[in-house]
Amino acid sequence: MTTLFSKIIAREIPADIVYEDERCLAFRDINPQAPTHVLLIPKQEIARLADASTADQDLLGHLLLAAGRVARQLGVGDAFRLVVNNGADAGQTVFHLHLHILAGRPLHWPPG
């Protein structure tokens, strides 16, 4: 299934890309919820986190390490939040696994 994020990976849709490696891509969210709001997506299509399998374990670990790398690159490595929405009822609107990297303001708990 082709998603908006697949089109960004293929450069069919422009995005403000802040990081890329062989397995993932990070770009600024067009509707930011914090001063720093970046989406980190795997280049391999996985619709939801719940759809990942043990075969995806290395990729999932890579995404977490890349999230820290992106946060440090953006100068927010000491205080950031990662959010993964799984399914429509959890707020997922694009069904291509993605991590939200949020920072730049106090992030309270519970998140709501």
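Projected onto the charge dipole of the chain (+1 at Lys/Arg Cβ, -1 at Asp/Glu Cβ, origin at the Cα centre), which of 107, 4, 84 gives the Cα projection farthest towards the positive end? Checking the options against the dipole of the chain, the answer is 107. Per-residue ellipticity at 222 nm from helix content only, as computed over the chain with -39500 (n - 2.57) for each DSSP H run of at least four residues, stands at -6500 deg cm²/dmol. Considering the dipole of the chain built from charges on the beta carbon (Lys and Arg +1, Asp and Glu -1) around the Cα centre, which of 74, 19, 59 is farthest to its positive end? Farthest towards the positive end: 74. Only Lys, Arg, Asp and Glu carry charge here, each on its Cβ (+1 for the first two, -1 for the last two); on that basis the chain has a dipole of about 280 debye about its Cα centre. Among the listed values [x] 0.97; [y] 0.94; [z] 1.06, the one matching Rg/Rh (Cα atoms, Kirkwood Rh) as calculated from this structure is [y]. Among the GluC sites (Glu not before Pro) in the stretch 19-64, those located in a DSSP loop and surrounded by at most 11 other Cβ atoms within 10 Å of their own Cβ are 22. Mean separation of Cα pairs under 8 Å and 6+ residues apart, divided by the residue count of the chain: what relative contact order is that in percent? About 30 percent, as a whole number.
Read-outs: derived from the displayed coordinates by stated rules, not from any lab. Everything quoted here is computed from the prediction, not taken from an experiment. Neighbour counts are summed over all protein chains in view; Cβ atoms, including those assigned to glycine, are modelled from backbone coordinates with ideal geometry.
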